[in-house]
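Trainee: Sharing a structure below in structure tokens format, with a few things to ask.
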Amino acid sequence: MSTGTGADSAPGHTSTPTTAAPAATAAPAATATSASAASAPSAPSAGKNSMFSSLKIRNYRLFATGQVVSNTGTWMQRIAQDWLVLSLTGSASAVGITIALQFLPMLLFGLYGGVLADRLPKRPLLIATQSAMGLTGVALAVLTLAGHVQVWHVYLAAFLLGLVTVVDNPARQTFVSEMVGKEQVANAVSLNSANFQSARLVGPAIAGVLITAVGSGWAFLLNGLSFAAPIAGLLLMRAHELHPVEPQPRAKGQLREGLRYVAGRPELVWPIVLVGFIGTFGFNFPIWLSAFVSDVFHGDAGTYGLFNTLIAAGSLAGALLAARRGLSRLRLLVTAAVLFSILLLVTAFAPGFWLFAALLVPIGIFGLTVNVTANSSVQMATDPEMRGRVMALFMMVFTGGTPLGAPLMGWITDTYGARIGMAAGGVISLAAGVAIAVVLARVGNLRVRVDRRGVTFVPAARRELVPAA
């Protein structure tokens, strides 16, 4: 469910986004190229960037500052929302329904949000969406603080927030390139994830204290007010320093055009398919963690906040590593997905509290690596005029599957327990990672080899190593 996914989602740099595909993802078509040809486009620019190079750009600094404030509020609301629903109903399935309603609009209307993001100027569009999100938080705060909140109010607020996110997500994702230019896109995408996860370190902890001390309502109110920061950042930007993409004129068939564009490019299809499975079945932490806290470890809101903070610590580390790495390869994406899935299985059956808590950190690292690698690879491989629609499809698949996965995982968790619920998500995610690796190997006439260096693709007829990028 991360939109920041903020949310939200670290490849090599190339001279143009459209030439990035062979270096950024191991598309089957790329396997026939030599190692030097595959890596040449990204090598020159990769060396230009430091871990925080995008922050040298004033407009991006304003954006990042505003986002870290609102992201902190967002994480406070997520924790407060999940705990409030659990308190009102006592059901992990109800938490799953809340998450499903928040992401259902992305499943139903996500592609249309991408069309709007391609048609409309990004900055004024983001000012409107961020304002609407702030109002949603304030409305839920008023109901909670007045003592009138019911579970259907939370459901409605989650659904309305999801409607706004349909437009906000692709607009915010594609606005990154307009702020930093194509040479810094990969670094900025990774720093966006680091930003989101930094807030995740602080937000759950603050939410845990607030919920325990004064109740969920204050967390909702602070989240609503936090959106003033990104709105101020957008208003203070220097328009002449942006790299605007010409808005696409309204025309028939733009939605179908976007789908055909993705369908004809394996370097876009396979990362999107993989994150679809991981996002739908592997990223159901609100359900699993709340169930572990209440049913297995018998903790409180502070324990729930601690678990989320530990995942955030790992995710932040994964985002910073991605920003430093600068290159994205398919073998990294597949390896991270497989390791993430195995860790879910191991953690599900961890016998003690502190072992369970410790394993949440590497889960965060590899889960974030999957998200960032796929996100930035897709952005770099997409033509600017199509980026809104492609990123909308990416986010629709990544988060839009939640309305399907969250109720299912919630039902399994309620029926068979927290450990079986988390293990089920790990099994499905692992099967998807292995299956996609095998499909890619067959299409490219390769075989998968696992050794101490990780996952590599080797020609079926020869033994020499072929880079999976």
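The values are calculated or read from the model by the stated rules, or taken from the named source; none is laboratory data. Quantities reported herein were computed from a predicted structural model and do not represent experimental measurements. Note: ideal-geometry Cβ built from the backbone for every residue, glycine included; neighbour counts use all protein chains shown. Quick note on the areas: whole protein, heavy atoms, side chains included, nothing else; ligands and nucleic acids left out. Shrake-Rupley method; radii C 1.70, N 1.55, O 1.52, S 1.80 Å.
Trainee: Counting just the residues of the range 59-94 that are part of a helix (DSSP H, G or I) and among the hydroxyl-bearing types (Ser, Thr, Tyr), which one comes out nearest to the chain's Cα centre (by Cα)? Steps first, answer last, please.
Mentor: Restricting attention to the range 59-94, the residues satisfying the condition of being part of a helix (DSSP H, G or I) are 59-89, 92-94.
Of the ones still in play, those that are also among the hydroxyl-bearing types (Ser, Thr, Tyr) are 60, 65, 70, 72, 74, 87, 89, 93.
Numbers: TYR60: 19, THR65: 19, SER70: 16, THR72: 16, THR74: 14, SER87: 27, THR89: 28, SER93: 23 Å.
The qualifying residue nearest to the chain's Cα centre (by Cα) is THR74.
Trainee: Within the range 370-381, identify whether any single residue is modelled with pLDDT under 80, under 20 Å from GLU183 (Cα atoms) and not in a helix (DSSP H, G or I), and answer yes or no.
Mentor: The answer is yes; a qualifying residue exists.
Trainee: Identify all residues within the range 221-253 that are open to solvent by less than 40 Å² (accessible area, probe 1.4 Å) and modelled with pLDDT of 75 or more; write none if there are none.
Mentor: First, the residues of the range 221-253 that are open to solvent by less than 40 Å² (accessible area, probe 1.4 Å): 223-224, 226-227, 229-231, 233-234, 237, 242, 253.
Within the range 221-253, ASN223, GLY224, SER226, PHE227, ALA229, PRO230, ILE231, GLY233, LEU234, MET237, LEU242 qualify.
Trainee: Against the condition open to solvent by less than 40 Å² (accessible area, probe 1.4 Å), modelled with pLDDT of 80 or more, assigned to a loop (DSSP other than H, G, I, E, B) and small (Gly, Ala, Ser), how does ALA350 come out, does it pass?
Mentor: yes
Trainee: May I ask you to say which residue of ALA374, ALA317 is hydrophobic (A, V, I, L, M, F, W, C), open to solvent by 30 Å² or more (accessible area, probe 1.4 Å) and within 22 Å of ALA194 (Cβ to Cβ)?
Mentor: ALA317
Trainee: For the range 177-207, give me each residue that is under 24 Å from GLY224 (Cα atoms), crowded, with 24+ Cβ neighbours inside 10 Å and in contact with a Phe, Trp or Tyr (Cβ under 8 Å, 6 or more places away or on another chain).
Mentor: Scanning the range 177-207 gives LEU191, ALA199, ARG200, GLY203, PRO204, ALA207.
Trainee: Residues ILE79, ILE97: which one is modelled with pLDDT of 80 or more, within 20 Å of VAL293 (Cβ to Cβ), out of contact with any His (no Cβ under 9 Å at 6 or more places or on another chain) and open to solvent by 60 Å² or more (accessible area, probe 1.4 Å)? Break it down into steps so the answer makes sense when it comes.
Mentor: Values: ILE79 fails: open to solvent by 60 Å² or more (accessible area, probe 1.4 Å).
It is ILE97.
Trainee: I'd like the full set of residues that are within 13 Å of ALA406 (Cβ to Cβ) and either among the aliphatic types (A, V, I, L, M) or open to solvent by less than 10 Å² (accessible area, probe 1.4 Å) (or both), limited to the range 262-283. Even if it seems obvious, please write down each step before you answer.
Mentor: So the first thing to find is which residues in the range 262-283 are within 13 Å of ALA406 (Cβ to Cβ), and the list is 279-283.
Within the range 262-283, GLY279, GLY282 qualify.
Trainee: Hey, can you tell me all the residues within the range 284-301 that are within 26 Å of ALA431 (Cβ to Cβ) and open to solvent by less than 30 Å² (accessible area, probe 1.4 Å)?
Mentor: ASN284, PHE285, PRO286, ILE287, TRP288, LEU289, SER290, ALA291, PHE292
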